[in-house]
Amino acid sequence: GNEVELVPPVNFKSGLTYKRGNFGASLQFSHVHEHYSDASNAERTPNAVEGIIPSYHVVDLSLKYKYRNYQLQLGSNNLTDERYFTRRAAGYPGPGIIPSDGRSFYFTVGLDF
């Protein structure tokens, strides 16, 4: 009667892409519903190795511009700076939860030749 561990009942991913001329933008959204980290479906344990992995959502944004042979791209992963974790560890670097990365930004310059 237990739920399967590490399998969320809802794992939703969606995105929008806009392109016009040399400009492009992409927005991606992911939602993962709470789920159990072990087969016993423990709510929580004193050592934090087993327990629920709470629901979380992540939004990513990227922008791209192309001019002649050059391409500029910038974006952000975890745009809303959501604090979440996706797994629990019994060993290194645990025991306990392994947190996600916070908001990050990137910038890329490309050249086609």
* Report yes if residue 15 is in contact (Cβ under 8 Å) with a residue 40 or more places away in the chain, farther than 18 Å from residue 55 by Cβ and assigned to a strand (DSSP E or B), otherwise no. => no
* Asked: Residues in the range 78-113 that are at pLDDT below 90 and among the aromatic types (Phe, Trp, Tyr): how many?
  -> 2
* **Residue in the range 37-55 that is least open to solvent (accessible area, probe 1.4 Å), counting only those that are in contact (Cβ under 8 Å) with a residue 24 or more places away in the chain, under 18 Å from the mean Cα position of the chain (by Cα) and farther than 12 Å from residue 90 by Cα** => 53
* Only one residue in 71, 28 is open to solvent by 70 Å² or more (accessible area, probe 1.4 Å), touching a residue at least 24 places away in the same chain (Cβ under 8 Å), of a type in the set (S, T, N, Q) and in a strand (DSSP E or B), so which one is that? -> 28
* To do: Of the conditions (1) open to solvent by 70 Å² or more (accessible area, probe 1.4 Å); (2) outside any loop (DSSP other than H, G, I, E, B); (3) of a type in the set (Val, Ile, Thr); (4) closer than 21 Å to residue 13 by Cβ, residue 97 clears all except one; give me its number.
  => (4)
* Asked: Filter the range 82-94 for residues that are in a strand (DSSP E or B) and over 14 Å from the mean Cα position of the chain (by Cα); which is surrounded by the most Cβ atoms within 10 Å (Cβ to Cβ)?
  -> 88
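The values are calculated or read from the model by the stated rules, or taken from the named source; none is laboratory data. This one's a predicted model, so the numbers in the text were calculated from it and none came from an experiment. Virtual Cβ from ideal backbone geometry, glycine too; neighbours counted across all protein chains shown. Note: accessible area is taken over every heavy atom of the protein model, side chains too, but ligands, DNA and RNA are not part of it. Shrake-Rupley method; radii C 1.70, N 1.55, O 1.52, S 1.80 Å.
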